[in-house]
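As structure tokens, the structure follows; a few thoughts come after it.
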Amino acid sequence: MSNFKSVLMTVLCLSMVLGSGLAKAQQAQDSLIINLDQAIEIALEESNSIKIADLTIVKSGYAKKGTYAALYPNINASGSYQRTLKKQVMAMDFNGQSMEIAVGKWNNVNAGVSAAMPLINAQLWQTLKLSALDVELAVEQARSSKISMVAQVKKAYYAVLLAQQVHEVYKDVYDNAVKNYESTEQLYNAGKTSEYEYLRASVNVKNAEPNVYSSLTAIELAIWQLKAVMGIDLETRIGVQGNIDQYKDELLTYTVSNDVNLENNSTLTQLSIQNEQLERSIKMVKYQYVPTLSASFSYNYIAMGDDFKFKWNPYSVAGISLNLPIFDGFQKRNTIRQYKASQNMLELSIEDTERNLRVAFKNYENEITTFMKNYAAAESTVEMAQRSYDIAEKMYELGKTTLTELNDAQLALVQAQLTMSRTVYNFMVTKASIEELIGDEFK
């Protein structure tokens, strides 16, 4: 009876733990229950990495506008005041006599407006095109951040579903262990089974407890990871919809491809933009050999006097300036060589990156092929293991088999169920990686 009390206390304690878990789930239901699309939408709105990427686009846009400012006239107003502390003395001979005359006024004021703008500057136009590429690169980097974020959210979401599925399996194991214990306890009290069987049933209940505890903790950690990826407050209570088995149809209907289209891959797109930037930089340096022509204009007032009763005298100047580069110590030529070397390095990097992406895609496809075979095997195994367990359970109730044989049948069933669920999870995670690799647009 003491053993019975011990098991009873264990059942009560575990029921309290499970009740606490269900209460937390109910609180999550009361606050925020999300599906996968909602999780992605929240992540795209709340994640700091996405906000940083969007601000980078804004920053690049401002830089582009700043470059276009060079096309407009540069207008400046200026003014100055000077107080003469000691006038300059001019010495001269006049009719054979030496004379000294103080030159200048005590107060000097100058004010005016000047303007200048380029008329012909080929290098400037290449700079403008280079700034446009900076914006294009920032946009592509933002797209890359969003694609990566979507993949991370999907994987975290699937991890929560898997953790919940594992918990359900272990909870069923525990419930069956409790039911078997109760049946064994009745048989033992009636003298129809041995003490060994009774003790074994009690041990099975206790052995099932840690897995239930661990699976509850795994769910909580998986949800925390999902909240961290989504960029929301970790104290926010959330729950997720669905289960991992709902994606088995995607696994069964997936078509394995022998080739991959990398046209939308963000990494290759960014490298391509960087290569175009280097090409523009080379042209920009070459255009430094081209003469530049600019226009300037200024309008000024000057006033001088020993007191502050000034007479303002205007004067203005307009001009054109031609700059013809002749020799710079081979600076431009060496700069062009540096850019070309960088371009050659980048082209080799693009080639290696594309090769590695194709290898990664092939590896993902091979993994999916393996997952499909594993699922088919696990599905048939689950059916057979379930039938085996049902038969063993009936036979145990009739006293025609031992608890050990029943436990073996249950263990085989649990392993088959977990293998099937984990296979679906691994497939969905790999599928998310493929979508990230090929640059599938987020929704």
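The values are calculated or read from the model by the stated rules, or taken from the named source; none is laboratory data. Values in this document were obtained by computation on a predicted structure and should not be read as measured data. All Cβ positions, even for glycine, are placed from backbone atoms using ideal geometry, and neighbour counts span all protein chains on display. Each accessible area value is taken on the protein alone, full model and side chains, heavy atoms only, with ligands, DNA and RNA left out. Shrake-Rupley method; radii C 1.70, N 1.55, O 1.52, S 1.80 Å.
What the table below lists for this structure:
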quantity: Extended-chain gain in nm, criterion 0.36 nm per residue less alpha-carbon gap, K340 and Q82; calculated: 87.5 nm
quantity: Heavy-atom accessible surface of the chain: percent carbon and sulfur, 1.4 Å; calculated: 55
quantity: Separation in nanometres of the label points that stand 7 Å from Cα toward Cβ, at D93 and D440; calculated: 10.2
quantity: DSSP beta bridges in the chain [antiparallel fraction, %, rounded to 5]; calculated: 95
quantity: Quotient of C-alpha Rg and 2.2 N^0.38 Å, computed over segment 260-327; calculated: 2.40
quantity: Segment 318-363 versus segment 91-161: alpha-carbon centroid distance in Å; calculated: 24
quantity: Sequence ranges 96-105, 135-144, 184-193, ranked by mean other-Cβ count within 10 angstrom, highest first; calculated: 135-144, 184-193, 96-105
quantity: Difference of contour (0.36 nm per residue) and Cα-Cα distance, E397 to A295; calculated: 26.4 nm
quantity: Hits among aspartates and glutamates - C-alpha to C-alpha of K227 under 18 Å, sequence gap 8 or more where chains match; calculated: D30, D37, E41, E45, E46, E235
quantity: Ratio of the Cα radius of gyration of segment 323-432 to 2.2 N^0.38 Å, where N counts its residues; calculated: 2.38
quantity: Under 21 Å, Cα to Cα: Lys pairs in segment 127-217, sequence gap 8 or more or different chains; calculated: 6
quantity: Förster radius 25 Å - calculated FRET efficiency between E168 and D390 (Cβ-Cβ, nearest 0.05); calculated: 0.85
quantity: Using alpha-carbon coordinates, inclination of helix 2-31 to the longest axis of the chain, degrees; calculated: 30
quantity: Simple Cβ-charge dipole of the chain, Lys/Arg +1 and Asp/Glu -1, about Cα centre, in debye nearest 20; calculated: 2400
quantity: Lysines whose Cα lies under 18 Å from that of K373, excluding same-chain neighbours fewer than 8 positions away; calculated: K248, K362, K431
quantity: Residue-by-residue Karplus 3J(HN,Hα) for segment 392-399, coefficients 6.51, -1.76, 1.60, Hz, glycine and proline x; calculated: 4, 5, 5, 5, 5, 5, 8, x
quantity: Among G61, G305, G242: highest mean-square fluctuation, GNM of the chain, C-alpha pairs under 10 Å; calculated: G305
quantity: Förster radius 56 Å - calculated FRET efficiency between N366 and A190 (Cβ-Cβ, nearest 0.05); calculated: 0.45
quantity: Angle in degrees between helix 36-46 and the longest Cα principal axis of the chain, rounded to the nearest 10; calculated: 30
quantity: Gap separating the Cα centres of segment 219-263 and segment 288-312, nearest whole Å; calculated: 69
quantity: Aspartates and glutamates whose Cα lies under 16 Å from that of K311, excluding same-chain neighbours fewer than 8 positions away; calculated: none
quantity: Along principal axes, Cα extents of segment 67-225, largest first, whole Å; calculated: 153, 41, 19
quantity: Probe 1.4 Å, accessible area per residue of segment 319-443, Å²; calculated: 61
quantity: The chain pair-distance distribution - Cα-Cα, 20 Å bins, rounded %; calculated: 16, 30, 22, 15, 10, 5, 1, 0
quantity: Per-bin percent of Cα-Cα distances, segment 370-433 [5 Å]; calculated: 4, 20, 21, 17, 13, 10, 7, 5, 2, 1, 0
quantity: Sum of -39500 (n - 2.57) over DSSP H runs of 4+, divided by residues of the chain (222 nm, nearest 500); calculated: -24500 deg cm²/dmol
quantity: Residue-count net charge about A208 - beta-carbon cut-off 11 Å; Lys, Arg +1, Asp, Glu -1; calculated: -1
